[in-house]
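The values are calculated or read from the model by the stated rules, or taken from the named source; none is laboratory data. In this text the structure is predicted, and so the values were computed from the model without any measurement. Please note: Cβ atoms are built from the backbone with ideal geometry, for glycine as well, and neighbour counts cover all protein chains shown. The accessibility values were calculated without ligands, DNA or RNA, using every heavy atom of the protein model including side chains. Shrake-Rupley method; radii C 1.70, N 1.55, O 1.52, S 1.80 Å.
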Amino acid sequence: MRKCALANKNALLAAMAKTAKLYVPTDGADEKSRDVNSRLAGAYYAEWKDGAELSKKLNTTRSPKDFFFPQTENMMTFKMTGKKLEIFDTRREHENFILFGVKACDVRSFTVLDNVFLTDPVDSYYANRRAHGTIVSMACTKPAGTCFCRTFGIDAADPEGDVVCWEDAEWIYLTAKTEKGEKLMAALADVTEECADDAADAVKTLVNERLDKLPLADLKSDAFGGGKTDTFFNDPAWNELSEACLGCGTCTFVCPTCQCYDIKDFNTGREVIRFRCWDSCMYSDFTMMAHGTNRPNHVQRFRQRFMHKLVYYPENNGGLFSCVGCGRCLSRCPISMNIVKVMKKLGGNKNAE
Amino acid sequence: MLSEFKMPKEALIPVIGEVTDIRIDTPDVKTFRVVTPDGKKAFDHMPGQCAMLSVPGVGEAMFSITSSPTNTEYMEFSIKKCGCVTDWLHQMEVGQQITIRGPYGNAFPVDTAFAGKDMLFIAGGIGLAPLRSVINYCRHYRDRYGKIDIVYGSRSRADLVDYNEILTEWMTDDGINVHLTIDREEEGWDGHVGFVPNYVKELGFSTDKTAILCGPPIMIKFTLAGLQELGFAKEQVYTTLELRMKCGIGKCGRCNVGSKYVCKDGPVFRCDEIDELPDEY
Ligand SMILES: Cc1cc2nc3c(=O)[nH]c(=O)nc-3n(C[C@H](O)[C@H](O)[C@H](O)COP(=O)(O)OP(=O)(O)OC[C@H]3O[C@@H](n4cnc5c(N)ncnc54)[C@H](O)[C@@H]3O)c2cc1C
Ligand code: SF4
Ligand code: SF4
Ligand code: FES
């Protein structure tokens, strides 16, 4: 393990930025900015600039999934001349980049997405970005009331990532967990110093104590998982739960693990660009076909999102849930519906104590 | 840049397909022959598998490959006109280039579960498209299968897809019985009149056959019930599911039903497997 004095954090980030494009959580609310993201009140990932203040907020409003699976992404272009057609592969090798300060829940969300996009046939757009991104995670010293990462076995005191960091009042501690991480640590040798391997233990203990006291600390996931379709699919509670849902899709868009997408063509007049963009199973036209849709009412669409996260995905991915307890949907839903309410209502006494 | 990074092959990037023949089957179904610009088959497939065809700027859509894998020269698609992409395909001319990618989905178990069996094919309307591939595969490897019965129905005689091939090839084969039916009486039609499910019950097949059902959801539902009345078990009956698709490779989430993705785990299902899915297809 190595450490760097908090007073030198800017030098540490500068050393990282020398190796690759560096993105850090930044506070928005700059109303005059031309960048839509930075006009918003919440934190967002922005390219690091020398001397920049990092956000003190626990997490970014939008998840960092954009870096690997952007909201819209051009995939290829076509040219049509008479009856003839040309296809252009517009993919280019992505530049190297570093995401700094990713929280444990969001780091796990990359594993959830990997299971979808990196299994055969590999999604090359995602694989390209993933191969060039280095994740520097940060233990959460101030978890929030909406956090429930532990429910899914995620350790906010000791996150996954290429390099993991912990902060106390004086120091930032760093350790590499992967080969990519070791490469980055080597580049930081001049701005960090060797320290004992247990140097961050006090921070870990503190984080764990705080996690114990969170309002959702007792939320259990063991009633859910693969093979539970019959247990939950026809539960009458879905009617009540979905009643007020607007089908706005906000929960899917802020969610780090939601991965449904649409493929569309845009004709610029000179060429046709085929792009993909995020979509939502909460939308009524998501499954629309010529002879109708297989989910004509909203109860079914609402159920799909949660059944997928809590039952279908785990069934196909060795028990891993497709929710990481980041709490974004808890604070963003306009009618205050969320996965915690769904789990409490459906899981009820089916959860082990 | 990472020196070791190699851009993987991308399933979503199609290849060019050239339309070399267009056959008008019915007032709203045409069959298109597609090859690569150098005149070859775009890729190999098995009966029941599908391909994504697209007209850039209009969109992409999934279609069953209706030609048999034993045809090594080209692929055929029987396409019903019903929206943006299909309208465009219907108005194009021979020589037009479109895009094609695939093959997608599982296939009918023609070399395993079907081997040595008496086969009963039941299709309604455009549902013949996926079945034609299996039927012609079975005809090609005739000695691997027992007796073949084909029940095919549509609204009217004009709506029977690929009527000519049925008349001149299937009906003249030994050991193949073709039973055609249309919904309403029609001048010049001396064949059977009535809906497919009822006709199947009237014909009363012996229950040692393997049945494959394709057609509109309502036809599948009633025909399956009819077969069960005759004593068929769900394990003997295969069908295909049709859900909205975009990627075709189990990633975009659109065709997800329960823990299955119809584009990858289907479209072919045994009827008892369908029972295990949540009721949402
Ligand atoms: C596995 C599979 C195999 C298929 N095989 C054939 C075939 O062999 N021959 C054939 O004619 N058709 C087949 N289809 C249906 C075909 O994909 C649709 O008819 C086609 O997508 C309609 O596209 P469009 O752009 O013309 O219609 P759009 O303009 O997109 O829409 C017209 C209507 O069709 C609906 N639609 C869009 N996508 C689909 C879809 N995938 N399935 C059904 N309706 C859809 C729209 O919601 C709308 O209501 C198959 C579909 C699947 C999933
Ligand atoms: S649960 Fe909330 S955020 Fe999600 S679609 Fe419904 S109303 Fe929108
Ligand atoms: S469902 Fe909600 S809490 Fe779970 S990962 Fe998605 S946004 Fe976060
Ligand atoms: S079509 Fe995308 S998951 Fe099946």
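List of remarks:
- For B:F232, nonlocal amide neighbours, meaning residues 5 or more places apart or on other chains whose placed amide H falls under 5 Å from its own, do not occur.
- Sites excluded, trypsin sites (Lys or Arg not before Pro) in DSSP loops with at most 13 other C-beta within 10 Å, longest stretch of chain A: A:93-212
- Partner lysines for B:K234 [C-alpha distance under 28 Å; skip if fewer than 8 residues away on the same chain]: A:K228, B:K117, B:K147, B:K201, B:K209, B:K221, B:K260, B:K264
- Added length on full extension, which subtracts the Cα-Cα distance from 0.36 nm per residue, A:A11 to A:D168: 54.8 nm
- Gyration tensor (alpha-carbon) shape descriptor, the protein assembly as shown, a/c threshold 1.5: prolate
- Qualifying GluC sites (Glu not before Pro) in region B:38-96, where qualification requires a DSSP coil assignment and no more than 15 other C-beta atoms within 10 Å, comprise B:E73, B:E93.
- Euclidean distance between Cα centres, region B:115-134 to region A:117-137, Å: 41
- Region B:236-281 and region A:276-315 have Cα centres spaced 13 Å apart.
- Candidate cross-link partners of B:K81 among the lysines, defined by an alpha-carbon separation under 16 Å and a same-chain spacing of 8 or more, comprise B:K30.
- Of the GluC sites (Glu not before Pro) found in region A:169-212, those that fall in a DSSP loop while having at most 14 other beta-carbon atoms within 10 Å are A:E170.
- Cα gyration tensor shape of region B:118-240, rounded if a/c is under 1.5, else prolate or oblate by comparing a/b with b/c: oblate
- Interface area, A with B, accessible, probe 1.4 Å, both sides summed, Å² nearest 100: 4500
- Taken about its Cα centre, region B:118-240 carries a charge dipole of about 440 debye when Lys and Arg each add +1 at the Cβ and Asp and Glu each add -1 at the Cβ.
- Nearest-0.05 FRET efficiency for B:T70 and B:T112, computed from C-beta distance (R0 22 Å): 0.80
- Threshold 20 Å², region B:244-264 residues less accessible with all protein chains present than alone (1.4 Å probe): B:R244, B:K246, B:I249, B:K251, B:C252, B:G253, B:R254, B:N256, B:G258, B:S259, B:Y261
- With a Förster radius of 45 Å applied to the C-beta separation of A:N297 and A:N96, the computed FRET efficiency comes to 0.45.
- Taking the Cα centre of region A:2-352 as origin and assigning +1 to Lys and Arg Cβ atoms and -1 to Asp and Glu Cβ atoms, the resulting dipole is close to 1160 debye.
- Placing R0 at 22 angstrom, the Cβ-Cβ distance between B:Q91 and A:T81 gives a FRET efficiency of 0.75 after rounding to 0.05.
- B:D38 versus A:D114: modelled label distance in nm, points set 7 Å from Cα along the beta carbon direction: 3.8
- Taking a ≥ b ≥ c as the square roots of the eigenvalues of the Cα gyration tensor, chain A is classed as oblate, since a/c reaches at least 1.5 and a/b does not exceed b/c.
- Label-to-label distance for A:E193 and B:E4 is 3.4 nm, based on points extended 7 Å past Cα in the beta-carbon direction.
- Within straight-line cross-link reach of B:K40, aspartates and glutamates at Cα separation under 17 Å, skipping those fewer than 8 residues along the same chain: B:E18, B:D21, B:E73, B:E76
- Separation in nanometres of the label points that stand 7 Å from Cα toward Cβ, at A:M288 and A:E182: 5.4
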